[in-house]
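Before any comments, here is the structure.
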Amino acid sequence: MIEFYDREKEMEEIIRILGTRPDLITFIYGPINSGKTELLNHLIGKLGKDYVVFYVNLRGKFITDYEDFIRVLFRFRDVSKDEILKEVLKKSLKALSFKGIPVPESVVDLIFSKKRTEDVFEFLEDYLTNVAEKKVPVLIIDELQVIGDLKVDELLIYKLFNFFIRLTKELHCCHVFAVTSDSLFIERVYSEAMLQGRCRYMLVDDFDHKTTEGFLRKYGFSEEEIKVVWEYLGGKPVYLVEAVKNKHRLKDFCEEMLEDRFSVILYSLRDLEDKSPDLFKGVINLFKMFKDMEVVECDMINAEVKWCIKQNILFLNPRKRLLKPQSKLDLLAVRRVLREVSVN
């Protein structure tokens with residue numbers, strides 16, 4: 001079994017936050033598959049008995065309306081409110097964790113009949129303040145960008161932001177962590193006036209070379225094997241796990257990974273060239289910036305940048321205005337595209 005590895009800096013920062021009074025929303029962001037969810041799951045398992053965690057994962061959920069969102073947010077139980085609170089607040093040796101927020105089925109009519117988000121947030125506020133009287137509630141919303149454009153009277157995301165501010169900045173009753181791998185979404189959040197001074201940001205990036213080397217040495221990789229992995233895959237944790245599984249055929253595995261990524265990007269580009277020739281040319285020109293560089297400055301998010309981010313080819317760090325490929329594989333694939341694709 002491949003163990004969780006070396007996120008001490010991030011773990012210490014989150015534990016420090018949890019050890020203080022809730023004051024700010026914490027946005028955790030980073031490239032896809034950089035280990036954000038794994039970090040939080042590992043942390044949940046390490047928290048002490050005074051904490052209760054409500055983890056809502058929107059990844060892969062098809063949410064098109066209010067009812068979809070409510071069904072993901074809550075876990076309806078055929079028990080009373082008092083019984084649920086008793087379960088949430090029961091004594092334990094470590095933190096209790098719940099997938100979604102457990103609520104009694106008796107509130108179904110309240111939540112669904114009126115279809116007003118204000119009713120839901122008022123219910124949640126009362127629920128979480130009750131929990132906070134005896135324990136420290138922690139609310140985690142993973143892949144928050146899924147509901148970024150969902151409207152209920154107005155954009156639901158803004159109502160959620162106001163609710164998060166209420167829980168943290170005003171009531172100080174619940175820690176709130178919002179997680180996303182969508183850098184366009186985090187740029188939108190970063191630029192949002194209503195959140196200024198009301199949130200903090202934590203980047204969970206791929207491993208650096210030293211951490212990657214340490215991880216691979218745990219599984220018996222030689223200097224030459226580590227070099228191959230770094231040159232092809234960089235420090236993306238999910239790729240490193242696969243490299244360990246394919247250690248017996250490492251070079252072939254890495255070549256296959258690169259070929260797969262190149263093919264996906266190439267097909268996407270050919271489709272773009274057919275539908276929007278001008279945007280295609282702009283994307284190729286953007287790719288050229290990575291011919292000799294791994295990271296470039298980005299002061300403007302134009303159509304080309306948006307397309308590359310939506311295709312999960314590039315990642316934007318809005319706090320530092322830096323743009324880079326989502327992975328070392330993407331960088332190599334982009335450079336291969338430049339060698340094989342011509343622009344008239």
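Can you sort 200, 319 by solvent-accessible area, 1.4 Å probe, largest first? It would help to have the intermediate numbers written out before the result.
Details: 200 55, 319 110 Å².
Sorted descending by solvent-accessible area, the residues read 319, 200.
Taking only Cα atoms, what is the 0 to 90° angle, nearest 10, from helix 250-275's long axis to the longest principal axis of the chain?
Value to nearest ten degrees: 90.
To the nearest 10 degrees, how steeply does helix 223-233 sit against the main Cα axis of the chain, on a 0 to 90 scale?
80
Quick check of the Kirkwood formula: for the range 1-62, what is the inverse mean of 1/r over all pairs of different Cα atoms, in Å?
13.4
So what's the angle, to the nearest 10 degrees on a 0 to 90 scale, between helix 156-165 and the longest Cα principal axis of the chain?
Helix 156-165 sits roughly 60 degrees off the main axis of the chain.
Compute the Rg/Rh shape ratio of the range 129-260: radius of gyration over Kirkwood radius, all on alpha-carbon atoms.
Numbers: Rg = 20.8 Å, Rh = 18.1 Å.
That ratio equals 1.15.
Heads up, I need the accessible area for residue 21: 1.4 angstrom probe, whole protein in place, Å², nearest 10.
140
Could you check how much of the accessible area of the chain is carbon and sulfur, as a whole percent, using a 1.4 Å probe? It would help to have the intermediate numbers written out before the result.
Working: 8200 of 17110 Å².
That share works out to 48 percent.
Counting pairs of alpha carbon atoms under 8 Å apart in space and at least six apart in sequence, what relative contact order in percent does the chain give? Write out the running numbers ahead of the final one.
Details: 487 pairs, mean separation 71.9, N = 344.
Over the chain, the number comes to 21 percent.
Two decimals is fine: what's Rg over Rh for the range 224-344, C-alpha atoms, Kirkwood radius as Rh?
Numbers: Rg = 15.0 Å, Rh = 15.1 Å.
The Rg/Rh ratio comes out at 0.99.
Near residue 291, which lysines are there with a Cα under 23 Å away, not counting those fewer than 8 places off in the same chain?
Answer for residue 291, where 23 Å is the Cα cut-off: 227, 236, 281, 306, 310, 320, 324, 328, listed by chain and number.
Helix-derived [θ] at 222 nm for the chain: sum -39500 (n - 2.57) over DSSP H runs of at least 4, divide by residue count, nearest 500?
Details: 15 runs with 167 residues, N = 344.
Value at 222 nm, helices only, nearest 500: -14500 deg cm²/dmol.
What is the range 146-300's relative contact order, in percent, from Cα pairs under 8 angstrom and six or more apart in sequence?
Numbers: 72 pairs, mean separation 16.1, N = 155.
Averaging sequence separation for qualifying contacts and normalising by length gives 10 percent for the range 146-300.
Report which label in (1) 1.01; (2) 0.95; (3) 1.12 holds the value of Rg/Rh (Cα atoms, Kirkwood Rh) derived from the coordinates of this structure.
(1)
Could you provide, to the nearest whole Å², the per residue accessible area of the chain with probe 1.4 Å?
Details: 17110 Å² over 344 residues.
For the chain, the solvent-accessible area averages 50 Å² per residue.
Give me the distance between the Cα centres of the range 302-344 and the range 1-54, rounded to whole Å.
29
Output the relative contact order of the range 66-221, whole-number percent, from Cα pairs under 8 angstrom with separation of 6+ residues.
Numbers: 118 pairs, mean separation 28.1, N = 156.
So the answer I get is 18 percent.
In debye, nearest 20, what is the charge dipole magnitude of the chain about its Cα centre with +1 on Lys and Arg Cβ and -1 on Asp and Glu Cβ, if you could check? Please list the in-between numbers first.
Values: 55 positive and 58 negative charges, 124 e Å.
Result for the chain is approximately 600 debye, rounded to the nearest 20.
Could you give the length gained on full extension between residue 249 and residue 93, defined as 0.36 nm per residue of separation minus the Cα-Cα distance, in nm? Display every interim value, and only then the final one.
Details: separation 156, 0.36 × 156 = 56.16 nm, distance 4.36 nm.
Taking 0.36 nm per residue and subtracting the Cα distance, the gain is 51.8 nm.
The values are calculated or read from the model by the stated rules, or taken from the named source; none is laboratory data. No experiment lies behind these values; they were computed from the predicted model shown. Note that we place each Cβ from the backbone using ideal geometry, even for glycine, and neighbour counts take in every protein chain shown. All accessible areas refer to the heavy atoms of the entire protein, side chains included, with ligands and DNA or RNA removed. Shrake-Rupley method; radii C 1.70, N 1.55, O 1.52, S 1.80 Å.
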